[in-house]
Amino acid sequence: MLFDALTLQLGYNAALVALGASALGLAAGVVGAFLYFRKRSLVSDAVSHATLPGLALAFLAMVALGGDGRTLPVLMLGSALSAWIGLLVVSWLTRRTRLREDAAIGAVLSVFFGFGIVLMTVIQSMQSGRQAGLDGFLLGSTAGMLRNDAIVIAIGGVLVLAVVWLLRRPLLLTAFDEGFAEVQGINTHRLDLALMTLVLAVTVVGLKIVGLILIVALLIIPAAAARFWSDNAVRVVLLSGVFGAVSGHVGAALSATAPSLPTGPIIVLVATALFTVSMFFAPGRGVIAGMIRHARMRGRVDGI
Amino acid sequence: MGFEFVALSLPPLVIGVFAAMACALPGNFLLLRRQALIGDAISHVVLPGIVVAFLVTGVIAAIPMMIGAAGAALISVLLIEAVRRYGKVEPGAAMGVVFTAMFAAGVLLLEQSDTSSVHLDVEHALYGNLESLIWLDAVGWASLVDWQALVLLPPELLRMVITFAGIAVLTLLFWRPMALSTFDEGFARSLGLPTGMIGLGIVAMAALAAVAAFDAVGSIIVIAMFICPPATARLMTNRLGHQVVWSLFFAALSAVLGYVLAGYGPLWLGASDSVSAAGMIATVSGLLLGGAALFAPHRQS
Amino acid sequence: MAYEASMTEATLAGSPFVVRGLTVAYDAEAVVQDVDMTVSAGSMTAIIGPNGAGKSTLLKAALGIVRPLAGAARFWDAPLAQSRRRIAYVPQRASVDWDFPTRVIDVVLMGLYQELGLFRRLSARHKQAAMACLERVGMQDFAERQIGQLSGGQQQRVFLARALAQGADLYLLDEPFAGVDAATEAAIIAVLKSLRDEGRTVVAVHHDLSTVAQYFDHVFVINRHRVAEGPVVEAFTQTTLDAAYGGRVRLSD
């Protein structure tokens, strides 16, 4: 059954989910690698939590206009807007006050999420039952995924990859050496803004499948895993994309085999397995390789 | 009015205030050590901790759940340190890897196990249930001096007060070494201070606050209180002692304003139901931070 | 080498700071390898060597701030744990967070930690002692300032004042002149020389080879291994510098 799922033979819906998840994983892995190079992985945590108020407000707006409130593109737009505001607040707090980025990230993620929860209780009280669909965005849910949803997700993933392809040279240069990149005439501040926009896009695209609490994992774990295998930035980016895609695909397939296996957490745990293997067994930067080197070193010292 | 307030509003208010202050106190040191997000990580891993505790004991009870949560917090801190040190992964990413993986495992365990009969779900761990912590045996203000009624206060209240008192005593006791090793670790070590233990102790205090508070008020308040009141306080003063006092004030203020706004705000606006107190407390703490970022005397370095 | 042979067991035992067989590795790379060092009492010693030669690491390992792979330091022929009260350490200025919410006077009072412990209350006497230390480095007018508002040179002087407050017999300084103005450099060296004249011992990681002979009476030349040590006239020569810096620097007279 797992084999059937992996090879997309478990029915139309499961195949849609698996393909959507791979596209998402690929995009998240590639973008996450650049985020990792910039040592700003946790900014994605602020972005993802900051989607909640926008998601709820988009729902409220649609209901107020007489809709059923669950049109995915509109919900994505609302999430993107509030996540964008969250990003601006992080950047404003770090530039205009003495607070550092980690504090700004923590403040934005908790406050935006808290405000989102307030709005969720508003929705709960006014339309009991109707908001069942919104809860799914916390932890991801693919059960009721429509063909159109999958297409939106796939297009989003492709767009993200296209922008990364366009910006690949400045992104790689900045990842390698910010000072040098600036001398080369690259506006690193604007490039960072572009990178954050990509992070935001991945987050919003991933809300439906992985959920807003766990989407950061897809932006962080594949990149951290890929970094063990190479010191070459291009290879790390590619490998991170592959790890992300594999996590998305295998995770979605596994989750399709049983109803009690929620998609988001399974995808994250597959990525974690890849990370664990990489951390221990990668040659060069891996833990075991390091232990061997250290033991040799100690042997030399004792031999003196 | 007296009965309603004392029975329905006073206990959650007091619990909220003490939970907020218990988190804000160690939050000051986390903020200055650039570990503000450790609080975020800890409050995420509380979920797998309570799920495992439930699977082991088969009951929803405060003590095993707190032990489970504390164990998970400890494991997460050790794992983050191991990934950072042995994998040479950048600290932020190391934290991200560990807490998302553990949270995912917690959700999976929860879905796999039969918890339909008990009240255990992700939402509860996130938002807590502050509004339900009422004191039905109170008849009015007189109950505050009535021993019979007092022993029937929600147990969360005593737990939160004791937790805050414990953290406050520890902070006062170890104030000098904590301040010294946070400011200048190299110098502190040259004096022979165990800076590694002090750092771990600060994280342990934060974990204690998070574990005691999540059951009553949920993870949202915990994360917000670790960061927002200390950050707001940092913008008010340039002295550590004053910062800590300010942070306690802002934490208590957020809890009171947030609780009142959540309970009565919608009524003032003409709606019939209250909104999440946990969410509103976090929101108020953010608004206070925003105000400080705009107007506080020491907002810029 | 000759100076070692001339050193009697008596001076070794009386030495405030002796390192034997010290090896420190970060990851799998040794940054300090099998280093011996002997500092004579009442001397003023510069630790010099190229970047990455292990100068700071040598001090940090001797003080237990980083864990050595092998070897140890002894102070007045006793282990570190029994000597801490007689040692003052001045870390690199860049190693701390200068945005920390604290005043200049509070930083100097940190130097009294060993006397104050966890509980003893700060008395007027403690504050007077801290103010006296600030006066000695010329920073008394800045006592109430937030440390982030100071210039680099002023921050370094505050660090030195904190070390003075410790009332130690051995002062270990890590690059005390890095990024400071000329006036501060002169003020610091004057304080260090007065410490030496009081019979205390000063050891400083130093970068500027042109001032070694002017400021110090002893040098320790290191490039992961010990290259040379002794009085400036004996150990600070073109030969030892060539050995440490690979012929990239020249001594000018």
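The values are calculated or read from the model by the stated rules, or taken from the named source; none is laboratory data. Note that the structure is a prediction, hence the values are computed from the model and not measured. Note: ideal-geometry Cβ built from the backbone for every residue, glycine included; neighbour counts use all protein chains shown.
Quick one: is residue A:88 under 23 Å from the mean Cα position of the chain (by Cα), without any contact (Cβ under 8 Å) to a residue 12 or more places away in the chain, away from chain B (no Cβ under 12 Å) and under 20 Å from residue B:291 (Cα atoms)?
yes
Just to be sure before I move on: is residue B:22 buried (at least 18 other Cβ atoms within 10 Å of the Cβ), more than 14 Å from every other protein chain (Cβ to nearest Cβ) and modelled with pLDDT of 90 or more in the structure I sent?
So residue B:22 passes the test.
Go through the range B:84-94 and report how many residues are at the interface with chain A (Cβ under 7 Å from one of its Cβ atoms) and either within 17 Å of residue B:43 (Cα to Cα) or within 25 Å of the chain's Cα centre (by Cα) (or both).
Residues in the range B:84-94 being at the interface with chain A (Cβ under 7 Å from one of its Cβ atoms) and either within 17 Å of residue B:43 (Cα to Cα) or within 25 Å of the chain's Cα centre (by Cα) (or both): 2 in total.
If residue A:82 meets every condition in (1) farther than 21 Å from residue B:36 by Cα; (2) modelled with pLDDT under 95 apart from one, which number is that one?
Condition (2) is where residue A:82 drops out.
Only one of these is buried (at least 24 other Cβ atoms within 10 Å of the Cβ) and touching an Asp or Glu at 6+ places or on another chain (Cβ under 6 Å): A:204, A:216. Name it.
Within the list A:204, A:216, the selection yields A:216.
May I ask you to list the residues in the range B:42-56 that are of a type in the set (A, V, I, L, M) and within 14 Å of another protein chain (Cβ to nearest Cβ)?
Correct list: B:42, B:45, B:46, B:47, B:51.
Give me a count of the residues in the range C:37-54 that are assigned to a strand (DSSP E or B) and touching a helix residue (DSSP H, G or I) at 6+ places or on another chain (Cβ under 9 Å).
Number of matching residues: 6.
Determine if the range B:156-164 includes at least one residue that is without any contact (Cβ under 8 Å) to a residue 24 or more places away in the chain and either away from chain C (no Cβ under 12 Å) or in contact with a strand residue (DSSP E or B) (Cβ under 7 Å, 6 or more places away or on another chain) (or both).
Yes; the residues of the range B:156-164 include at least one that is without any contact (Cβ under 8 Å) to a residue 24 or more places away in the chain and either away from chain C (no Cβ under 12 Å) or in contact with a strand residue (DSSP E or B) (Cβ under 7 Å, 6 or more places away or on another chain) (or both).
A quick yes/no check of all residues on (1) among the polar types (S, T, N, Q); (2) buried (at least 20 other Cβ atoms within 10 Å of the Cβ):
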site: A:72; (1), (2): no, no
site: A:79; (1), (2): yes, yes
site: A:85; (1), (2): no, no
site: A:104; (1), (2): no, yes
site: A:109; (1), (2): no, yes
site: A:119; (1), (2): no, yes
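Name the residue, out of B:197, B:236, that is over 21 Å from the mean Cα position of the chain (by Cα), at pLDDT 95 or above and either crowded, with 24+ Cβ neighbours inside 10 Å or of a type in the set (A, V, I, L, M) (or both).
After ruling out the rest, the residue left standing is B:236.
Please verify whether residue A:276 is surrounded by fewer than 24 Cβ atoms within 10 Å (Cβ to Cβ) and within 14 Å of the chain's Cα centre (by Cα), treating the condition exactly as stated.
Judged against the criteria, residue A:276 is not a match.
Of all the residues that make up the range C:4-27, how many are modelled with pLDDT under 80 and touching a Lys or Arg at 6+ places or on another chain (Cβ under 8 Å)?
1
Residue under question is residue B:72, and the condition is that it be within 13 Å of another protein chain (Cβ to nearest Cβ), part of a helix (DSSP H, G or I) and over 21 Å from residue A:219 (Cα atoms); does it hold?
No: the conditions fail for residue B:72.
All but one of (1) more than 14 Å from every other protein chain (Cβ to nearest Cβ); (2) part of a helix (DSSP H, G or I); (3) within 16 Å of the chain's Cα centre (by Cα); (4) aliphatic (A, V, I, L, M) hold for residue C:202, so report the exception by its number.
The failed condition is (2).
Which one of these is surrounded by fewer than 24 Cβ atoms within 10 Å (Cβ to Cβ), touching a helix residue (DSSP H, G or I) at 6+ places or on another chain (Cβ under 7 Å) and within 14 Å of chain B (Cβ to nearest Cβ): A:52, A:35, A:16, A:60?
When all the criteria are applied, what remains is A:60.
Looking at the range A:208-297, what helices (runs of 4 or more DSSP H) fall wholly within it and have at least 2 residues that are facing chain B (nearest Cβ under 7 Å) and not basic (Lys, Arg)?
By residue number, A:215-227, A:263-281.
Considering the range C:70-112 alone, what residues qualify as being among the aliphatic types (A, V, I, L, M), within 16 Å of the chain's Cα centre (by Cα) and either facing chain B (nearest Cβ under 10 Å) or in a loop (DSSP other than H, G, I, E, B) (or both)?
C:80, C:87, C:88, C:90
Can you spot a residue in the range C:54-73 that is in contact (Cβ under 8 Å) with a residue 12 or more places away in the chain, surrounded by fewer than 21 Cβ atoms within 10 Å (Cβ to Cβ) and more than 27 Å from residue C:221 (Cα to Cα)?
no
Being more than 27 Å from residue A:233 (Cα to Cα), at pLDDT below 85, within 12 Å of another protein chain (Cβ to nearest Cβ) and buried (at least 22 other Cβ atoms within 10 Å of the Cβ) narrows it down to one of A:99, A:93, A:138, so name that one.
A:138
Filter the range A:1-57 for residues that are free of Cβ contacts under 8 Å to residues at least 12 places away in the same chain and either in a helix (DSSP H, G or I) or within 20 Å of the chain's Cα centre (by Cα) (or both) and give the result.
Scanning the range A:1-57 gives A:3, A:4, A:12, A:15, A:39.
So the check is Cβ under 7 Å with 6+ separation or different chains; which pairs have a first residue in the range B:64-83 that's of a type in the set (Lys, Arg) and a second one that's in a helix (DSSP H, G or I) and crowded, with 20+ Cβ neighbours inside 10 Å?
Sorted first by the residue in the range B:64-83, then by its partner, the list stays empty.
Which of the residues that make up the range B:252-279 are touching a Ser or Thr at 6+ places or on another chain (Cβ under 7 Å) and not in a helix (DSSP H, G or I)?
Of everything in the range B:252-279, those that are touching a Ser or Thr at 6+ places or on another chain (Cβ under 7 Å) and not in a helix (DSSP H, G or I) turn out to be B:273, B:275, B:276.
Report the residue count in the range B:91-125 for those that are modelled with pLDDT under 75 and either of a type in the set (Ser, Thr, Tyr) or touching a Ser or Thr at 6+ places or on another chain (Cβ under 8 Å) (or both).
5
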